[in-house]
Structures are given as C-alpha cells and as structure tokens.
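Values in this text are rule-based calculations from the coordinates and carry no lab data. Source: prediction; values computed, not measured. Every residue, glycine among them, receives a Cβ derived from its backbone with ideal geometry; neighbour counts consider all protein chains shown.
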Amino acid sequence: MSKVTPISSRKADHIRINLEEDVRSGITTGLEKFRFIHQALPELDLSDVNTQVQVFQRQLSAPILISSMTGGTEQAGVINRNLALAAQETRVALGLGSQRAAIEQPELAATFQVRKYAPDIVLLANLGAVQLNYSYGIGECRRAVEMLEADALILHLNPLQEAVQPEGDTRFAHLLSKIESVCSKLEVPVIVKEVGWGISKQAARQLYNAGVATIDVAGAGGTSWSQVEMHRATDERQANLAAAFIDWGIPTASSILNVKEVAPSLTIFASGGLRTGVDIAKCIALGATLGGMASPFLKAAVQSDDKVVQTIQDLNREIKICMFATGSKNIHALQHTELENV
C-alpha cells in the first residue's frame, strides 16, 4: 500500500525536483508556430513604448505574472519573500502556491504572507479546486484570500497530476457547480488555472458560464507535473505510470486560442513553457493580458530577490523591443498586432 506523504514534505519534494531534474513536457508550447511581422519603420521611439497594464484595479509596469509555485515549507517562505520583494520593486503580478497546507496547518501561513513586502502589486491566493469536493467551501476560500490580503483567488485544476500521485485527490465529479458557487459568493474575482496541461474549448466554455473572471491556460510545453511526480515516485510501477504522460496536454498557444474563440470577453493569463519576453509578447498578441512563468523565477528566487528583479527587467526589455519592432506603442496595440503562422 502506498504511503501518504504529508503536504509540507510533498511541497519540499516539488521544489527540489523542479530545481534539480529535467521535468520538461515532451511537447512544445506551440508558440514557435507564430512569428511577429517585423516593421522596419515602426514610427515610434523605443523610449515611448509603454508596457503598463491594469489588472484587478491595479496598475502594473509590465504584463508579467510570477506564476504560482510554492509555500508551506521554510525554504518556500524564503522563496516567496524574494519573489514578493522583486514583484514590488518591478510592479508585476505574483501568484502564490497552493495554500491548502496553511489552511490545514495554520502555523505554515507565514510562508505565504508576503503582502507586507509587496503592498502595491496584484497578489493572487491559490487553492486546489478539487478540495471543494473534499469538504472545502466558501469559508476556506475566504481564509486563503484573507491570509494573503489577495486581489483574487486562483482555483487550480490538476486532474492528471492527482491521478498519478499515490496520495492524489481524484474526486472531480460535480466540481463545476461548486466553482460556480464560489464565483457567486466570493468578494474577489476567481481565476481558474490549469497546472500545465492546458484548457480545451469545452473547459473554457464551462468556466466562462460558471462566472470565472479569468482563465490562466497553463498549457503544455513547460514543466510537466507528471514528470515531477515520476521523480517523486518511490517504486518503479508508480514512476512508469507518471512517465507515460510526458506527451500529454494542450499546447499553450492552442489553449489561448481555445479560450478566445469560445469566451472572447474573458481575461486570459498565459503560462506554460514561456521562457522569454518574446514568448510573453506572442501570448499577448494571441489574446492574453499577462504572461506567466514559474521555473525561471524559482531558479532566481533561491539565489536572491535581486536575481528575480534582474530576470523581470530582462523579460520586460525583451517585451519592449518586440513592441518597438512591431510598431506597438502600448499593450492594447500589441493585443491587435498581427502574427504570421509559420
């Protein structure tokens, strides 16, 4: 019989594996199939390019989201502090990892409580949506938001990850109505996020009709959590089960287009394998408002907040140059910039 691992121990495993092992998906983001049309006469100065964007009534300096990663361990607390300090300095959005550990063990809440370091940014709370089928309700959702003084709540969807975990929570039946109930009762907007396998048209339509404010597509092409679980496995059969799904998922580019087609008015955050500012800019041109990354920021955050700041600044410079070379003066213009299919 499989041994059930405590949540905090599992989170420590996840940090270690993401830093030390190759956990990339076997498929690509699909962004390589799109190319900006270069404008040799952009008719604007680079200094005039404005990357600011407004999200949840807060002004951000760049369309960058530090995607949800971790919490619940001492190391995670240091990482979250460094991410928050950097997000505040550069005025970008920050999502925290799943707060279930802190809901169930309140002494772990401090590893998530970073608002004191980042009073002015978009800060996103996070719980696993499936926990709504395991006794969680609007009360736990409110606690997660209050713990962070968050601007919105992410409910993440990860059926495949749960299915390949020995300790996975796999009761996903009748979950949509519970998400809808949270959307109608919670005082802040609800974001629904996949964790790396993307969003289909059917899922996008269901979530839009349920009243979610935003979908973070978290498409395939970056970190594969089945690969992470393969490295966590304690026996060969479990490892082989997880490894079988390396090529699973809907690429990030396709996921953005899926949401845009069935719910064009919905705000889209794009994540899943983004590695450069060019990737973020492509996602915005496809229909997203923010582009999110986790792995590059995790690797920077274990060093220092300054390393995270440098990573954000480098990404934003790449976004600016994309905008300059396509004649896009602001994010609105970038959202209407044509991409060619290659």
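Numbers for the structure displayed
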| item | result |
| --- | --- |
| Relative contact order (%) - segment 198-265, alpha-carbon pairs under 8 angstrom, separation at least six | 50 percent |
| Overall dimensions of segment 191-243 by Cα: Rg and Dmax, Å | 14.5, 42 |
| Relative contact order of segment 113-152, defined on C-alpha pairs under 8 angstrom at six or more residues apart (%) | 60 percent |
| For segment 107-112, Karplus couplings with θ = phi - 60° (6.51, -1.76, 1.60), whole Hz, Gly/Pro x | 5, 8, 4, 4, 5, 9 |
| Segment GLU318-SER184, extension gain: residue separation times 0.36 nm, minus the distance between their alpha carbons | 44.4 nm |
| Ranking of HIS14, HIS174 by count of other Cβ atoms within 10 Å, fewest first | HIS174, HIS14 |
| Subset of LYS201/LYS329; LYS33/LYS201; LYS178/LYS260; LYS282/LYS307; LYS11/LYS299; LYS11/LYS307 violating a 27 Å alpha-carbon distance limit | LYS201/LYS329 |
| Among ILE17, ILE215, ILE37: highest mean-square fluctuation, GNM of the chain, C-alpha pairs under 10 Å | ILE37 |
| Sparse-neighbour loop sites [GluC sites (Glu not before Pro); segment 214-320; at most 12 other C-beta within 10 Å; DSSP] | none |
| Amide H partners (placed H, <5 Å) of GLN99, local residues excluded | ASN126, LEU127, GLY128 |
| Derived scalar couplings ³J(HN,Hα) [segment 41-58; Karplus, 6.51 cos²θ - 1.76 cosθ + 1.60; whole Hz; x for Gly, Pro] | 10, x, 6, 7, 8, 4, 5, 8, 5, 10, 9, 5, 8, 9, 9, 6, 6, 10 |
| Sorted by Cβ density within 10 Å, fewest first, the residues ILE27, ILE312, ILE66 | ILE27, ILE312, ILE66 |
| Cα radius of gyration and Dmax for the chain (Å) | 19.0, 66 |
| Among ARG275, ARG24, ARG16, residue whose mean-square fluctuation peaks in a GNM of the chain (springs only between Cα atoms under 10 Å) | ARG16 |
| Value at 222 nm in deg cm²/dmol, rounded to 500, when DSSP H runs of n ≥ 4 in the chain each add -39,500 (n - 2.57) | -12500 deg cm²/dmol |
| Segment 7-341 - share of DSSP beta bridges that are antiparallel (%, nearest 5) | 20 percent |
| Extension reserve of the GLU340-PHE172 stretch, reckoned as 0.36 nm per residue once the Cα distance is removed | 56.6 nm |
| Over segment 7-341, relative contact order from alpha-carbon pairs under 8 Å, at least 6 apart, % | 24 percent |
| All-pairs Cα distance distribution in segment 97-216, expressed in whole percent, bin size 5 Å | 2, 11, 22, 24, 21, 13, 5, 1, 0 |
| For segment 47-128, alpha-carbon Rg over 2.2 N^0.38 Å | 1.14 |
